[in-house]
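What follows is a set of notes on a single structure, which appears directly below.
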Amino acid sequence: MTNPRVAHLMEDLFLAVNDLVAKHEVTHEEYRAAVAFLNEAAEAGETMLLLDVFLEGGVVDASSREWRGTPKQAVGPYYLEDAPWIEDGQLAGPDEEGDRLLLTGTVRDVDGNPISDAVLDWWQADAKGRYGAFDIPPRTNMNLRGRMHSKEDGSYALHTVVPAAYPIPHEGPTGRLVEALGWHPWRPAHIHLIAGGDGYQPLITQIYFEGDEYLDSDVGRMARHDLALQLTTNGDSRRADFDIVLEASV
Ligand code: MBD
Ligand code: FE
């Protein structure tokens, strides 16, 4: 069955690639190397990693030009559905290593009205830059992943630890490509969030930290200062405020 959208996009894609091939006089050898590279990335289970690092940020930007809420960000390769519901905003257990972080804020609509009972689905790397399930086995490891609701007044309080900056896996094909580009493999430290409320469009975003050495050189080219927290320090704990803005469904 013909799919006009697929036909339109793919024909344009082939044209664009053929233009690039002509412009750079891509050799047959280079073409074969590119095919072998894609095969290798797939075999290494890096399809999502490769595409999310290099392309997802652009897709998000292109599809959120009209969006007036909190800036959107890539979901990335490490989201798991069905994260546990957490009590009292405790994303990090008492034994979790790292600097404690208390993140507070209010979920609001674009007019500033609070949104109660919004679902906030958080996931992040730990203080050593490791994602539960992916970097810490088993596949069911839900460390630093959890869901909660905003309160009656739209407020939330997340108790967690400050994540570390994270080098994308660089032993495999994706890492080899990053190296060939002359880039480093680091993403700045970040906390992922999917926020949703009844009658609101879902928001997928990431929160960063001012002063992070990789904020301006994110391998995924997606980190931004208007999503970066200025932490205040109190002993070995950190605090910040972050309001979340959702736009009503159409
Ligand atoms: C990540 O942790 C991430 O969030 C993205 C978007 C890509 C690679 C690794
Ligand atoms: Fe991530």
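Tally the DSSP beta bridges in the chain and give the antiparallel ones as a percent, rounded to 5. Don't jump to the answer; show the numbers that get you there.
Numbers: 30 of 43 bridges.
Looking only at bridges with both residues in the chain, the antiparallel portion is about 70 percent.
Note: relative contact order over the chain, using C-alpha pairs below 8 Å and six or more positions apart, is 23 percent.
Residues within the reach of a label modelled at residue 183 (point 7 angstrom out along Cα to beta-carbon, backbone nitrogen below 20 Å), restricted to segment 73-95, are 73-79.
Taking a ≥ b ≥ c as the square roots of the eigenvalues of the Cα gyration tensor, an a/c ratio of 1.5 or more together with a/b larger than b/c marks the chain as prolate. Comparing 97, 179, 30 in a Gaussian network model of the chain (Cα springs below 10 Å), the most mobile by mean-square fluctuation is 30.
Listed from fewest to most Cβ neighbours within 10 Å, the set 17, 107, 26 follows the order 17, 26, 107.
Is segment 185-250 rounded, prolate or oblate when judged by the Cα gyration tensor, a ≥ b ≥ c being the square roots of its eigenvalues, rounded requiring a/c under 1.5 and prolate requiring a/b larger than b/c?
Working: a/c = 2.92, a/b = 1.45, b/c = 2.01.
Cα axes put segment 185-250 in the oblate bin.
By the count of neighbouring beta-carbon atoms within 10 Å, fewest first, 243, 153 end up ordered 153, 243. Pair-distance distribution of segment 1-75: all C-alpha pairs, bin width 10 Å, starting at 0; shares per bin in whole percent are 15, 28, 41, 14, 2.
Residues whose amide H lies under 5 Å from that of residue 238, counting only those 5 or more places away or on a different chain, are 100, 101, 102; hydrogens are built 1.01 Å from N in the peptide plane.
Among 210, 247, sorting on how many other beta-carbon atoms sit within 10 Å of each Cβ, with the fewest leading, yields 210, 247.
Laboratory data are not the source of any read-out in this text; all were calculated from the coordinates shown. Just so it is clear, the structure is predicted and the values come from calculations on it, not from any experiment. Cβ atoms come from the backbone with ideal geometry, glycine included; neighbour counts cover every protein chain shown.
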